Amino acid sequence: MKTVSFPGGPQVPALGQGTWNMGEHAARRQDEVRALRLGLDLGMTLIDTAEMYGEGGAEEVVGEAIAGRRDEAFIVSKVYPHNASFEGAQQACERSLRRLKIDSIDLYLLHWQGHHPLAETFDAFEALKQAGKIKAYGVSNFDLENMDEALAYGAPATNQVLYNLMKRGIEFDLLPWARQRQMPVMAYSPLETAGREQAALLEHPGLRAVAEAHEATPAQIALAWVLHQDGVIAIPKAVDPVHLRANRAAAGIVLSADDLAALDRAFPPPRRRRPLDMR
Ligand code: NAP
């Protein structure tokens, strides 16, 4: 499995697991726990969650999945912007730790920028680090100008943003900027989440042609493409064990220069700066 390094920090697998939409229905909980455990077995040991997902429910699912396996997992969670005051962020982190049933979060992110001053949020993150409650911190959904501000106030370890074949805007500025600073970027929604937008990606004839040539599924090629990008960590969410195994196998797919050129024709890279895509 390809790994990505945080500067001065740990190496993590480039392929992790997302948890958005988990922890929302009791009837699905055991499938979700089993899925995350299977993901750990397969080496997808970075698990991305947030206090927002299922209003704490997803963190509880993660807590159950990693019980007895804490050392295998690299846990990423996120604070709501409205909780990101100096006191609020520390209290939110304590609540997340209780739901996750762990002593320390490996990477704690500001979910998106809200009304609390960034300097105050980062002071809270530094205090949490000092107290051993988090090991590192970062941001999410930050555009380039937000990142300049972030570096003025602290040392975020990552920026987690929307990135997939259909949403390539960060290649124009944010991704080169992060690479210059050896800052890993976490790509969320690598499979375009669900619904019509996911269908537009996975049913695209250009993607299907590359998939057929590799005897792979379109989703596997879409994921292999994200994983091909330097310094990028992909965090697909999958509950179906078939999807989990397919995603793990996608990490072994090597795309040729011809494949990459075909994908560029089907999903052109950005030619100019665009506002950051979000969902
Ligand atoms: P995603 O990972 O792009 O897509 C998830 C969907 O794709 C699920 O319906 C899943 O189905 C399906 N799937 C997974 N593997 C598949 C495969 N091999 N073949 C076909 N379908 C497959 O969407 P996402 O949940 O939006 O993004 C991933 C994670 O990023 C989230 O869970 C969350 O942790 C994070 N995220 C962060 C932000 C942020 O603001 N920071 C925003 C959005 C997401 P099953 O579940 O049925 O297997």
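Points to keep in mind about this one:
- Folded to 0 to 90 degrees: helix 241-250 orientation relative to the chain principal axis, Cα: 70 degrees
- For peptides 55-62, 129-136, sequence by mean Cβ density within 10 Å, most packed first: 55-62, 129-136
- GLU55-GLU203 FRET efficiency (beta carbon distance; Förster radius 41 Å; 0.05 resolution): 0.80
- Normalised by the number of residues in segment 60-158, the average gap of Cα pairs under 8 Å and 6 or more apart makes the relative contact order 28 percent.
- Sorting the segments 96-106, 1-11 by their residues' average number of neighbouring beta-carbon atoms within 10 angstrom, most packed first, yields 96-106, 1-11.
- Cβ-defined net charge surrounding GLY88, 13 Å radius [Lys, Arg +1; Asp, Glu -1]: -4
- Apportionment of accessible area to carbon and sulfur, the chain, percent (1.4 Å): 50 percent
- Kirkwood radius and radius of gyration were both taken over the C-alpha atoms of segment 200-246, and their ratio Rg/Rh is 0.97.
- Modelled label positions at GLU126 and MET278, each set 7 Å beyond Cα in the direction of Cβ, lie 2.6 nm from each other.
- With a cut-off of 12 Å between beta carbons, the residues surrounding TRP112 carry a summed charge of +1, where Lys and Arg count +1 and Asp and Glu -1.
- 13 Å cut-off, amide nitrogen to a point 7 angstrom out along LYS2 Cα→Cβ, residues in segment 209-226: 221-226
- Considering only beta bridges that DSSP places wholly inside the chain, some 15 percent are antiparallel.
- Over segment 10-66, relative contact order from alpha-carbon pairs under 8 Å, at least 6 apart, %: 47 percent
- Maximal additional length on extending the ALA194-ASP258 stretch stands at 20.2 nm, based on 0.36 nm per residue less the C-alpha distance.
- Heavy-atom surface of segment 1-77, accessible at 1.4 Å and reported per residue (Å²): 40 Å²
The values are calculated or read from the model by the stated rules, or taken from the named source; none is laboratory data. Note that the structure is predicted; figures quoted are calculated from it, not measured. Cβ coordinates were reconstructed from backbone atoms using ideal geometry, including for glycine residues, and neighbour counts include every protein chain displayed. Note: areas computed on protein heavy atoms with side chains; ligands, DNA, RNA excluded. Shrake-Rupley method; radii C 1.70, N 1.55, O 1.52, S 1.80 Å.
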